[in-house]
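One structure below.
The values are calculated or read from the model by the stated rules, or taken from the named source; none is laboratory data. Bear in mind that the values here come from a model prediction, so they are computed numbers and not experimental data. Cβ coordinates were reconstructed from backbone atoms using ideal geometry, including for glycine residues, and neighbour counts include every protein chain displayed. Note: areas computed on protein heavy atoms with side chains; ligands, DNA, RNA excluded. Shrake-Rupley method; radii C 1.70, N 1.55, O 1.52, S 1.80 Å.
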Number of protein chains: 2
Amino acid sequence: MSESLNPTAFVVFTPSGQRGRFPIGTPVLQAARTLGVDIDSICGGWGLCGRCQVEVQEGEFSKHQITSKADHLSSPGETEQRYQAKKTLLSSRRLSCSTQILGDVVIDVPPESQAHDQVIRKRPEIRDIVLNQSVRLSYVEVEEPNMYLPSGDIFRLKEALHWLWDIKELSCDLRVLQELQPALRKGKWKVTVAIYEENQIIAIWPGYHEKFYGLAIDVGTTTIAAHLCDMGNGEVVASTGMMNPQIRYGEDLMSRVSYIMMNPGGEKELIKVVREAINSLAKQAAAEAGIEVTDILQASFAANTIMHHLLLGINPIELGGAPFALASHQSTKFYANELDLNLHPNARCYTLPCIAGHVGADTAGVILSESPHTSEKMTLLVDVGTNAEIVLGNKHRLIAASSPTGPAFEGAQISSGQRAAPGAIERVRIDPDTLEPKFKVIDSDLWSNEEGFFEEIAKIGITGICGSGIIEVVAELFLSGIVSQDGVIDGSLAERTKRIVPDGRTFSYRLYQPENRLAESSKEKLIFITQNDIRAIQLAKAALYAGTRLLMDKMGIDTVERIRLAGAFGSHIDVKYAMILGLIPDCDLSQVEAAGNAASTGARIALLDYKACREIEEIVNNVEKIETALETDFQNYFVEAMAIPHKTALYPNLSKTVKLPKPKMNPNQSAQGRPRRRSRLRSTENKT
Amino acid sequence: MSESLNPTAFVVFTPSGQRGRFPIGTPVLQAARTLGVDIDSICGGWGLCGRCQVEVQEGEFSKHQITSKADHLSSPGETEQRYQAKKTLLSSRRLSCSTQILGDVVIDVPPESQAHDQVIRKRPEIRDIVLNQSVRLSYVEVEEPNMYLPSGDIFRLKEALHWLWDIKELSCDLRVLQELQPALRKGKWKVTVAIYEENQIIAIWPGYHEKFYGLAIDVGTTTIAAHLCDMGNGEVVASTGMMNPQIRYGEDLMSRVSYIMMNPGGEKELIKVVREAINSLAKQAAAEAGIEVTDILQASFAANTIMHHLLLGINPIELGGAPFALASHQSTKFYANELDLNLHPNARCYTLPCIAGHVGADTAGVILSESPHTSEKMTLLVDVGTNAEIVLGNKHRLIAASSPTGPAFEGAQISSGQRAAPGAIERVRIDPDTLEPKFKVIDSDLWSNEEGFFEEIAKIGITGICGSGIIEVVAELFLSGIVSQDGVIDGSLAERTKRIVPDGRTFSYRLYQPENRLAESSKEKLIFITQNDIRAIQLAKAALYAGTRLLMDKMGIDTVERIRLAGAFGSHIDVKYAMILGLIPDCDLSQVEAAGNAASTGARIALLDYKACREIEEIVNNVEKIETALETDFQNYFVEAMAIPHKTALYPNLSKTVKLPKPKMNPNQSAQGRPRRRSRLRSTENKT
């Protein structure tokens, strides 16, 4: 037969199942490419990168069940031995570029050898983080110039990339052109190039090069967080964060926009400091990972709309008033140096898309991270900051809105409020009989009535109360009967406890009085919870609830199946207390979770997976955007939600029953009365 | 019939002949667009730009001969009257956007109303300059933002461009995004945008805007020339030029490359000064035209390979030695600010392609300007500088090479040589009987023996001899018998004239001795023509001739039909003397012309006509590149061409016949003996 003349072998690749017949002696990598099997390679078959490792499947041969034998492949040659000497190659593994097919064989491509859709991290319930870099490295050998065919070096480089990698229609950054000739000569006509989106050469190194990095950044109003990722495997190699230095122009977004309105040209300062902060984070992260900032070839950004605009150098004043017009809501791509960022000069930046004037690229990041659009479960995402961004939906439909909670949940506008930092009270319990409080401060594990508490906090101090502490104290004041359902501190209790003190025409609750037991008196503050503090929390939680309720109405639902609380506030609050105050709607508490800095995770996903970028762009296009200010129902819900809901299931210790003000009921919802909550909450009663 | 219910009219557009039937009342512009008739418009039908003017053809109607009547169009309405009040609209002309079709009509689209291929300037014999801008302006009205549909302003701008202009898939420069919101609001939601290559918004202006400019630059080794063009009509509105400030690093290219080789990092200085020079020219040109440099949205560059590389910020040292490898030979496109050019920050730059290591983008410009590839005539293009770039061919085939003439033709390496500047001797005649010379200097019309000469040159001086002067003096020395055919000054003539003086073992000819008749003695120089000077000219002209001869061999031809001499040298030399010395091959002298700064013209064509860019890129790809250093024939021709050819037809006054050294003849050519020249030269004998 012809086979004996031109012997061939039958090859099956797993897990894809792609199969074909090849001449004896064909390299495995070449066979894989012919069949379109997804095997990674940087070096293109020189045995340098070790990305193309495969495993030979063991087993027996029969006519119908094809398995394989290791001796149906060539023995490890010089290249593989050299590679084994330098790097780790498991004994079961072979380099597909250096291994020839000698007989029928089944070859397994392990996940880490696949170029596309490689899973970096599996996460419970939510999406895996997958690696699909928009920048890829390719190693090539370039033909030397000759006077008979006087083509430019870049032309021959492109030709080599075309021949070896089948990459066509390549452009080239000017800086690469400037570095090209020394790189080619230093590398003895072998170079590695970084190619962006399969069409642009953005970096070049002499010889073989395999490392480059990306930076995922969440530009928050208060803090900026950056994760440095090894773009070869997607792992985070350094994480840094810092306060947003724009704070000097205003604590919250609107005061920064006001600053710009009052100081024309002032946006330039805000733009400058935020970019400098990012540069400083990049430098820190690079130092921590032991690399140069110029090794960072990509950056991705999540940010609220105002931070997004400032990052891009766009004056955000249009976002300061109706109709809150964005300059651009779509994702953007730019060179790092267009944003004055000191990364690789040709580094490419990607900003996640914005959803609406008040719902920014950070929310797009939260959606990408939490992926409600991939699930049947009706999911509520809440990201609480100065505004609360709310996304509701599932794979069939997503709705988003922003609710004007104000900064009370962040400790602002609260008499003793402060940001979540060491020394801030974060947990509070009030004894319903004595009305005496106990509390914990951040960075201490002891309750204030436990032995050794003051020794432990000697250096930390008791400096104020943060968002989660405020939620708890207001809830505990309610549970202990000090505060009524409509939020009023009961002055008559001043007879029972000196904690209740008159404060003008209202009363305050003294949570902590300095006892001079700490060395530095400045570390002890008198902490009251005033009637105004409680009003601020009522307003904030009413806004949040009204926004959520509005979206549930739009969705035509009465309960949600899953709640994710994103951001710092979401990570710190005790979900039970959030429920007591009515911040979030009915849900099985086991389905309520903090999502951490989900916006930052979203930025990281966008950095690592260009397919996810296309996905979120599509999702954001289709998200239904609700402007709460335009919805009359929002005002109604807001007024209704001012009261603290009556939920006996949540507070067995409550000694008296408080009268509820009669809410104006919406026929589609159960509003403040939630009869179904009892059983769902029981299982998480002990959670703190 | 149905026509009476929905009356229509038959419309024919000339000169295209496109025709169709439209409902009565259809605007002419809309009918034209439907048929694909090429009518220009910036404003898109608002009666603002006046680009869409048409003329109504007069005549009678019949069933078969369709002509038209003016009353078959609507009367000029408010828009047209407003336009007529502001600008000039000929009485025979109508604005097609504001004119409705009322009956059958023939409408002529005048050339200046056509958006594409509009001829700016017709030139004798060579290509017309045509306007096909890669940047186009579009005026649009953008939908205002609203909170129900919170899209970004840029999204609505792109939508408007899509609806009105059918422009899709637009990207947007970051700076446009930064300027977008103020521009939209200042323009009351009407803006004009500049779109580059139909896919990128690069500039934005509030309201209607119709002017933008382009700069065509030829970066020469000695001089840099810039032409500022109105991109609306293609006209040159200002021209400036200056010495290339790199001259301080070396007069010629190779000394500049040597400077860089000797001073690592020195390329940065050369890059900086050439870019500064271009900025200075742009500023001058803008001031002359009364515009801002930021009105310049495009720039195009011609340059030799080393200037090309330095302009792009590429170290040119590879071009300093074999194999003379270019970093890139292809055309390039960059942002002006990548080249540190102070034009509009988003201005786009285009560099013409390079042909080979010694044949640069300036030669591509010469090809574009002189267009040998569009003609059947066998054409020789010669651009003489430090090297001579030579292109030979016609529409069927083009060959290019560079010949190492050295800088003698530019006055360098000549004892009294200087650049062509006021005070330089540019014309010389020697009386064959008395052996006395007469001469002219640049900026004076008088011969040195004419009355008033010294008065006229009092301020100019007599400072040296430039390239054309050297050609003439060597030729005249030969014609008067002072110099032999092999280039030796005949010392025996020292007996006849004191002009011949011993100079070591050779003799020199004293062309001018200061007579102290000028106020400043520094303006008079003793000017000798030395034996070395003559040798330098012999070497230069032999190299040039050998290069030309080599290309003619490759082409398999013995004579050329047309010669174009490009560059400053080509413009100054007397073609007859070039023939006497044998710089250029046989050709009917009426077909020999100076092409002026053809490289600069090529840059201007590239600026104005993107189709010409595609054309020259294609041509350059297909040009056959000859490296003279690799051709053994070149050396042979070079040696042969050292002698001054024997051409009695050219020098009737020559008193003695000089013996020719016997050249090694190539069977395909007639080498130094050109019997056919006599009759061809007669007609141009009086040309100077």
Which condition breaks for A:GLU198 when tested against (1) within 14 Å of chain B (Cβ to nearest Cβ); (2) farther than 27 Å from B:MET307 by Cβ; (3) touching a residue at least 60 places away in the same chain (Cβ under 8 Å); (4) of a type in the set (Asp, Glu)? (1)
Looking at the stretch B:144-171, which of the residues that are in contact with a Ser or Thr (Cβ under 8 Å, 6 or more places away or on another chain) and not in a helix (DSSP H, G or I) is farthest from the other protein chains (Cβ to nearest Cβ)? B:ILE167
For the stretch B:196-236, give me the residue count where each residue is closer than 23 Å to B:GLY45 by Cβ, among the small types (Gly, Ala, Ser) and open to solvent by 10 Å² or more (accessible area, probe 1.4 Å). 2
Do you know which of the residues in the stretch B:245-270 that are in contact (Cβ under 8 Å) with a residue 40 or more places away in the chain and not hydrophobic (A, V, I, L, M, F, W, C) is surrounded by the fewest Cβ atoms within 10 Å (Cβ to Cβ)? B:SER258
Filter result (within 22 Å of A:ILE605 (Cα to Cα), open to solvent by 10 Å² or more (accessible area, probe 1.4 Å) and either of a type in the set (D, E, K, R) or within 14 Å of chain B (Cβ to nearest Cβ) (or both)) within the stretch A:281-303: A:LYS283, A:GLU288, A:ASP295
Of all residues in the stretch B:614-633, which are loosely packed, with under 15 Cβ neighbours inside 10 Å, under 25 Å from B:GLY602 (Cα atoms) and more than 10 Å from every other protein chain (Cβ to nearest Cβ)? B:ARG614, B:GLU618, B:ASN622
Restricting attention to the stretch A:546-573, the residues that are open to solvent by less than 10 Å² (accessible area, probe 1.4 Å) and farther than 18 Å from A:GLU370 by Cβ number exactly 3
Given the conditions (1) on the phi > 0 side of the Ramachandran plot; (2) touching a residue at least 40 places away in the same chain (Cβ under 8 Å), which single one is not true for B:GLU617? (1)
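Which one of these is in contact with a Lys or Arg (Cβ under 7 Å, 6 or more places away or on another chain) and surrounded by fewer than 22 Cβ atoms within 10 Å (Cβ to Cβ): B:GLU143, B:GLU169? Working first, answer last.
Working: B:GLU169 fails: in contact with a Lys or Arg (Cβ under 7 Å, 6 or more places away or on another chain).
Answer to the selection: B:GLU143.
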For the stretch B:106-140, name all the residues that are open to solvent by 60 Å² or more (accessible area, probe 1.4 Å), among the basic types (Lys, Arg) and assigned to a loop (DSSP other than H, G, I, E, B). B:LYS122
Kindly indicate whether A:THR405 is part of a helix (DSSP H, G or I), polar (S, T, N, Q) and open to solvent by less than 20 Å² (accessible area, probe 1.4 Å). no
Residues in the stretch A:272-296 that are among the basic types (Lys, Arg) and more than 22 Å from the chain's Cα centre (by Cα) total 1
The one condition B:ASN449 fails out of (1) part of a helix (DSSP H, G or I); (2) without any contact (Cβ under 8 Å) to a residue 24 or more places away in the chain is (1)
B:ALA325, sole failed condition from (1) open to solvent by 10 Å² or more (accessible area, probe 1.4 Å); (2) within 11 Å of another protein chain (Cβ to nearest Cβ); (3) under 30 Å from B:ALA629 (Cα atoms): (1)
Collect the residues in the stretch A:365-386 that are over 18 Å from the mean Cα position of the chain (by Cα) and over 23 Å from A:LYS611 (Cβ atoms), keeping them in residue-number order. A:MET378, A:THR386
Are any residues in the stretch B:173-195 open to solvent by 20 Å² or more (accessible area, probe 1.4 Å) and either away from chain A (no Cβ under 14 Å) or within 36 Å of the chain's Cα centre (by Cα) (or both), and if so, which ones? B:ARG175, B:GLU179, B:LYS188, B:LYS190
Can you find, within the stretch B:416-453, the residue that is surrounded by the most Cβ atoms within 10 Å (Cβ to Cβ) among those that are within 31 Å of the chain's Cα centre (by Cα) and among the basic types (Lys, Arg)? B:LYS440
State whether one or more residues within the stretch A:385-397 are touching a Gly at 6+ places or on another chain (Cβ under 7 Å), at pLDDT below 95, open to solvent by less than 20 Å² (accessible area, probe 1.4 Å) and within 30 Å of A:THR559 (Cα to Cα). yes
A careful count of residues in the stretch B:328-342 that are facing another protein chain (nearest Cβ under 7 Å) and either open to solvent by 20 Å² or more (accessible area, probe 1.4 Å) or touching an Asp or Glu at 6+ places or on another chain (Cβ under 6 Å) (or both) gives 2
Please verify whether the stretch B:362-375 includes one or more residues that are within 12 Å of another protein chain (Cβ to nearest Cβ), of a type outside the set (A, V, I, L, M) and touching a helix residue (DSSP H, G or I) at 6+ places or on another chain (Cβ under 7 Å). no
Residues being more than 12 Å from A:CYS49 (Cα to Cα), free of Cβ contacts under 8 Å to residues at least 60 places away in the same chain and not in a loop (DSSP other than H, G, I, E, B): count how many of those fall in the stretch A:83-101. 2
Out of curiosity, is B:PRO316 of a type outside the set (A, V, I, L, M) and either without any contact (Cβ under 8 Å) to a residue 60 or more places away in the chain or within 25 Å of A:ARG156 (Cα to Cα) (or both)? yes
